1. When the helix-only estimate is applied to the chain (DSSP H runs of n ≥ 4, each -39,500 (n - 2.57), divided by the residue count), what is the mean residue ellipticity at 222 nm, nearest 500 deg cm²/dmol?
2. Spelling out what I want: for every residue of the stretch 13-20, take phi, set θ = phi - 60°, compute 6.51 cos²θ - 1.76 cosθ + 1.60 (Karplus), and round to whole Hz; glycine and proline get x.
3. Under the Karplus relation 6.51 cos²θ - 1.76 cosθ + 1.60, θ = phi - 60°, what is the ordered set of whole-Hz ³J(HN,Hα) values for the stretch 29-35, x standing for Gly and Pro?
4. Multiply the residue gap between LEU60 and SER7 by 0.36 nm, knock off their C-alpha separation, and tell me the result in nm, one decimal place.
5. Within the chain, list the GluC sites (Glu not before Pro) lying in a DSSP loop whose Cβ has at most 11 other Cβ atoms in a 10 Å radius.
6. Given [x] 1.17; [y] 0.95; [z] 1.03 as candidate values of Cα Rg over 2.2 N^0.38 Å, which corresponds to the one derived from the coordinates?
7. If THR51, THR45 are ordered by their accessible area, calculated over protein heavy atoms with a 1.4 Å probe, which sequence runs from highest to lowest?
8. Exposed loop trypsin sites (Lys or Arg not before Pro) only (DSSP loop, at most 14 other Cβ atoms within 10 Å): please give the longest stretch of the chain free of them, not including the sites.
Amino acid sequence: MELDYVSIGRRIKKYRIDLGLKQSQLAERSGVEPSNIPHIERAATKVSLPTLVNIANALLKVVLKKLLEL
C-alpha cells in the first residue's frame, strides 16, 4: 500500500489549524522537531508511522485512521 504523503500532510495542517495550533505547538505536543512540521505538512519528507502516531495523538481526538483515510 502506497501512502499519499501530500494528502496526509494536508490533513495534518487542516486539523492543526482547526485546533488553533501553531506549527511549533504541534511540534512540542508531538515530540517532533519544530523544523519538521512544515516539511511534513508539505510532504517534503516522508513521515514515519511512529511520528504519524505522535502527531495524531497531539491533535487530540484525531485518530490515525482519519489522517490516512483508510
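The values are calculated or read from the model by the stated rules, or taken from the named source; none is laboratory data. Only a predicted model underlies this, so the values are computations on that prediction, with no experimental measurement involved. Glycine also receives a Cβ, built like all others from the backbone with ideal geometry; neighbour counts cover every protein chain displayed. These accessible areas exclude ligands, DNA and RNA; they are computed on the full protein's heavy atoms, side chains included. Shrake-Rupley method; radii C 1.70, N 1.55, O 1.52, S 1.80 Å.
1. Details: 5 runs with 43 residues, N = 70.
Helix-only estimate at 222 nm: -17000 deg cm²/dmol.
2. Karplus values, whole Hz, x for Gly and Pro: 4, 4, 5, 4, 5, 4, 8, x.
3. Karplus values, whole Hz, x for Gly and Pro: 5, 9, x, 9, 4, x, 6.
4. On the way: separation 53, 0.36 × 53 = 19.08 nm, distance 1.93 nm.
Extra length available between LEU60 and SER7 comes to 17.1 nm.
5. Values: sites: GLU2, GLU28, GLU41, GLU69; in loops: GLU2, GLU69.
Answer by residue number: GLU2, GLU69.
6. [y]
7. Working: THR51 35, THR45 60 Å².
Listed by decreasing accessible area, they come as THR45, THR51.
8. Details: sites that count: LYS22, ARG42, LYS46, LYS61.
Answer from the scan: 1-21.
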